[in-house]
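Just below is one structure, and these are the notes that go with it.
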Amino acid sequence: MKPRNPNDTRYPFPAIAAGATIGAGVAGALFLGGAPPPITLFSGVIVAILLAMSIKYTDQWERAVLLRLGSYKGLRGPGYFVIIPVLDRVAYTIDQRIRTAAFGAESCLTRDTVPVNVDAIAFWIVRDAERAALEVQDYDEAVILSAQTALRDAIGKHDLAELIQSRVELGHGLKLALEHKMENWGIQVQSVEIRDVIIPAALEDAMSRQAQAERERQARIILGTAETEIAHKFVDAANAYRDNPAAMNLRAMNMLYESIVKRGSLMVVPSALADSLNVPSLLGVAGAGGLVPSNGTGGDKREGAAAMAPEAATAVVS
């Protein structure tokens, strides 16, 4: 919003009412004094207009820049104030609230020669209304043009990756650059935010494929690392079972038992695993538990073993 001249629009109702009342009183006094009616009417209208023009006002967030015959006389407001008609003029009414300025840079090259479009927004405020009125002709346009120039300069000093990943740092750098340029204008920059960085569609597809390839590479590395760790664990387990065959047999029996219990069906196992569950081993375990009767004859032991083998096999498989 540009600074505005309120003289054409801001005639407050109290000023109009007071001007009309006093103008009517002047006209009535002249009429009673014997003045001709045209002079009476003309005098009353002139007094009413001048009085209405002498009373001005500004809102709480505004300051009026007062000029007298072209010379700066100071700031007025907020509220009502009186000026000298014809001699005094309110040049500008300056808004001192925080304002926003949207700006951007199109087809600007980064340091690695990538064309980008950048949209940003600046939050700024007029701290010194006197400087803003006297030092710069149109501070609204000056803020936008300065911000665009600073943004293009910042883009040329950064790579595309830095531009995308370091938006906060880029905005802070723009804020400092604008403050340095506008410190004599009475304008303070609150913050600068980068809203969007737009890159060409072809480059965006290439970056997407690069990201996918990088993630696939990381997944393969993680999978290979897991396989290496598993292999080391298997080597440790093999070393533990190598010197203890009984533990190896028990582990094989346990694995077979768990498979049968969980699936609840008949399983066909490799011959090597079946050989580990041989009859002598099972009879040794059964004999240790007192399940095989001993009658002192070798033949009876063989018969008992022969009788025990099918039952043991049935117990393991079923």
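The values are calculated or read from the model by the stated rules, or taken from the named source; none is laboratory data. On a predicted model such as this, the values are computed, not experimentally measured, just so you know. Cβ sites come from the backbone with ideal geometry, for glycine too, and all protein chains shown count toward neighbours.
Annotations
- Selection from the stretch 224-269 of residues that are of a type in the set (D, E) and at pLDDT 80 or above: E227, E229, D236
- For the stretch 105-127, taking the residues that are of a type outside the set (F, W, Y) and buried (at least 17 other Cβ atoms within 10 Å of the Cβ), the one that is farthest from I194 (Cα to Cα) is identified as V126.
- Qualifying residues in the stretch 110-143 (those that are charged (D, E, K, R) and assigned to a helix (DSSP H, G or I)) - the one nearest to Q190 (Cα to Cα): D140
- Number of the condition not met by A15 [criteria: (1) closer than 30 Å to Q165 by Cα; (2) of a type outside the set (D, E, K, R); (3) buried (at least 17 other Cβ atoms within 10 Å of the Cβ)]: (1)
- Test result for I83, of a type in the set (A, V, I, L, M) and more than 25 Å from the chain's Cα centre (by Cα): yes
- Y11 passes every criterion in (1) more than 36 Å from the chain's Cα centre (by Cα); (2) in a loop (DSSP other than H, G, I, E, B); (3) at pLDDT 80 or above apart from (3).
- Which numbered condition Q218 misses (of (1) over 17 Å from D119 (Cα atoms); (2) in contact (Cβ under 8 Å) with a residue 40 or more places away in the chain): (2)
- Test result for L75, free of Cβ contacts under 8 Å to residues at least 40 places away in the same chain, closer than 30 Å to A122 by Cβ, assigned to a strand (DSSP E or B) and touching a Leu at 6+ places or on another chain (Cβ under 9 Å): no
- Selection within the stretch 157-184 - farther than 14 Å from V197 by Cβ and either surrounded by 15 or more Cβ atoms within 10 Å (Cβ to Cβ) or in contact with a strand residue (DSSP E or B) (Cβ under 8 Å, 6 or more places away or on another chain) (or both): H172, G173, K175, A177, L178, E179, K181, M182
- Residue list for the stretch 138-156, filter: of a type in the set (G, A, S) and either surrounded by 17 or more Cβ atoms within 10 Å (Cβ to Cβ) or out of contact with any strand residue (DSSP E or B) (no Cβ under 9 Å at 6 or more places or on another chain) (or both): A142, S146, A147, A150, A154
- Every test in (1) of a type in the set (V, I, T); (2) in a helix (DSSP H, G or I); (3) more than 18 Å from the chain's Cα centre (by Cα) is passed by I164 save one, and that test is (3).
- Within the stretch 182-211, the set of residues being closer than 20 Å to S166 by Cβ, of a type in the set (S, T, N, Q) and without any contact (Cβ under 8 Å) to a residue 12 or more places away in the chain comprises Q210 only.
- Selection status of R99, basic (K, R), over 30 Å from A154 (Cβ atoms) and buried (at least 16 other Cβ atoms within 10 Å of the Cβ): no
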